[in-house]
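Here is the structure we will look at.
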Amino acid sequence: MLRAPKKTPREPRCERGGPWCKARRGGISEDMATRSNTAAGAAPPQPERTSRPRGVFLGALKTAKAAVLAALLASLAAGDVVTLKSGGVFEGKVTESDDQVTIETPHLTLNFERSEVAGITYRPAPSEVYDSRAGELDASDGEGWYQLGIYATGKGLYRKAEEAFRKAVEADPDHEGARGELGYVRVDGEWLTRAEAMERRGLVNYRGRWMAPEEAEDLEAQAEALTRVKEARSRVRTLTFTIVNGTREKSLEAREKLAGMSDPAALGPLVEELENDSAAVRLAILEALLNYPGEDAAALAALDVAMWDADPNIRYRARVVLNAFQNERAFKTALSALQVDDDVTRFRASEVLGSIGDPRAVPYLIKYLYWTRPAPAPAPPARTSGRRHGLSRGVQKTFVIGIRAKVAPNAVGYEPIIGGLDHGRIVILNPEQYEEEFYDFPAAIDRRVLNYEALEALRALTGANFRFDKRAWRNWYLANAARFKKLPEGAPGP
């Protein structure tokens, strides 16, 4: 079987020139690797050797450092030039000693072993060049001072560059280049700084951005509001921690403080803590929500607790809060929840609407007094001993699931077949009597879901009681419609 020849790894291509490419291509110089190994007492590396010789990593690191620093400081050149054997080039003020070469750049000082240096070129420092040229310029030579400022900028001498640009403006007030370098703009024939130009346009500087005063005021107000919310969140979390982990006295004191909070900035943090696992914390926060009667956020948070909290006592307390609020948005949301195709959601929404006590909910509650659900197909009756009529303790209701004919001389009668719901399936109460007809029953029988919560709400809102007779309830509502308010705008129809 033929095998493809192994590919030789291709050397990575360097897209740019300069010391970095040299460092990538060559790594470290041969004499540096040899010197490092010899100093460590090891033999010089052989060409066929594949393991990394000692000292090579350090040399490569020095090479990379030199190359990167050379690239960073190329624009800040300052005088003498030091060229390393590895390819690095540095400019600055050079100081030599017997075995070291020191170069001072505008931002740092570097030391190299003399054996690493390939050559040193001495030349005047940029500051000396600037001073020399500045002494030769006439005060009226605006273009000359401008060019000198450009030179100083390129060498990193920014203070001297600003000095040269200002002298150029003094010599020629309309020198566009010098004015531009100093940050001036021409407005209606007049040179203004950028700040002066923005202020003339009616803008203000807010945290480094120019904008309209109204926008700055809004941003400042938002920043102050965020600060207040952060402080309130810290207080709320401290109190909730004390309620959960403090002593009995400290916990009671923290509950009182939490329930008494009324700072507008604390509403958001209070709503966030309604997710706390502690029932005591959630009850205290529900008490605190009563201090925000006009806030939709407080009413909707209480509605969420009334619908979905696992503790029935807390759900009851949330419904009390909703009754105190009489919030329109919470009422509309509860009406929408009543129409969700889910049994538990409808039960809880009916409880909420009854607690709010708004009679406009009456037609909605009448509609959802009950509804039907398809029942699962019947299964053969269980024959487990010790279970009466083949049913377990899970049976909740009995109902007629079929009719059995009884034939006698000169007479025909019908006997109902009684069934029950056992753990979600339909079973026969007395299967031994109807075993021969069992498989003739319908495949599925719709069952009616009764909404007792809606019935209780209707009784509380109307004072009448027609149980689950929708027709009677609708007739009563039509006869007494004048007693009820107009349905809220935007609310779904019953």
Of Ala232, Ala178, Ala197, which residue is surrounded by 14 or more Cβ atoms within 10 Å (Cβ to Cβ) and either aromatic (Phe, Trp, Tyr) or without any contact (Cβ under 8 Å) to a residue 24 or more places away in the chain (or both)?
Ala197
Checking Ala288 against (1) over 28 Å from the mean Cα position of the chain (by Cα); (2) closer than 28 Å to Ser251 by Cβ; (3) hydrophobic (A, V, I, L, M, F, W, C); (4) surrounded by 17 or more Cβ atoms within 10 Å (Cβ to Cβ): exactly one of these is not met. Which one?
(1)
With (1) under 30 Å from Met211 (Cβ atoms); (2) crowded, with 16+ Cβ neighbours inside 10 Å as the list, and Leu110 as the residue in question, which single condition is left unmet?
(1)
What about Arg248, is it of a type in the set (Lys, Arg), farther than 22 Å from Arg228 by Cα and surrounded by fewer than 18 Cβ atoms within 10 Å (Cβ to Cβ)?
yes
In segment 298-314, what count of residues is obtained for those that are surrounded by 14 or more Cβ atoms within 10 Å (Cβ to Cβ) and within 25 Å of the chain's Cα centre (by Cα)?
9
Residue under question is Glu214, and the condition is that it be exposed (fewer than 13 other Cβ atoms within 10 Å of the Cβ) and part of a helix (DSSP H, G or I); does it hold?
yes
Out of curiosity, is Val352 of a type in the set (Val, Ile, Thr), crowded, with 18+ Cβ neighbours inside 10 Å and either in contact with a Leu (Cβ under 9 Å, 6 or more places away or on another chain) or touching a residue at least 24 places away in the same chain (Cβ under 8 Å) (or both)?
yes
Closer than 30 Å to Ala164 by Cα and either of a type in the set (A, V, I, L, M, F, W, C) or at pLDDT 95 or above (or both) - does that describe any residue in segment 203-226?
yes
Taking the condition more than 30 Å from Thr193 (Cβ to Cβ) and in a strand (DSSP E or B), does Gly92 pass?
yes
Give segment 449-470 a look and list any residue that's surrounded by fewer than 19 Cβ atoms within 10 Å (Cβ to Cβ), in contact with a helix residue (DSSP H, G or I) (Cβ under 8 Å, 6 or more places away or on another chain) and of a type in the set (A, V, I, L, M), or say none.
Val449, Ala460, Ala464
Selected residue (criterion: surrounded by the fewest Cβ atoms within 10 Å (Cβ to Cβ)) from residues of segment 315-347 that are of a type in the set (Phe, Trp, Tyr) and closer than 25 Å to Ser262 by Cα:
Tyr316
If a residue counts only when it is over 30 Å from Asp98 (Cα atoms), which strands (runs of 3 or more DSSP E) contained entirely in segment 114-200 have at least 1 such residues?
184-187, 190-193
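The values are calculated or read from the model by the stated rules, or taken from the named source; none is laboratory data. Here the structure is a predicted model, which means the values were calculated and not measured. Heads up, the Cβs are rebuilt from the backbone with ideal geometry, glycines too, and the neighbour counts pull from every protein chain shown.
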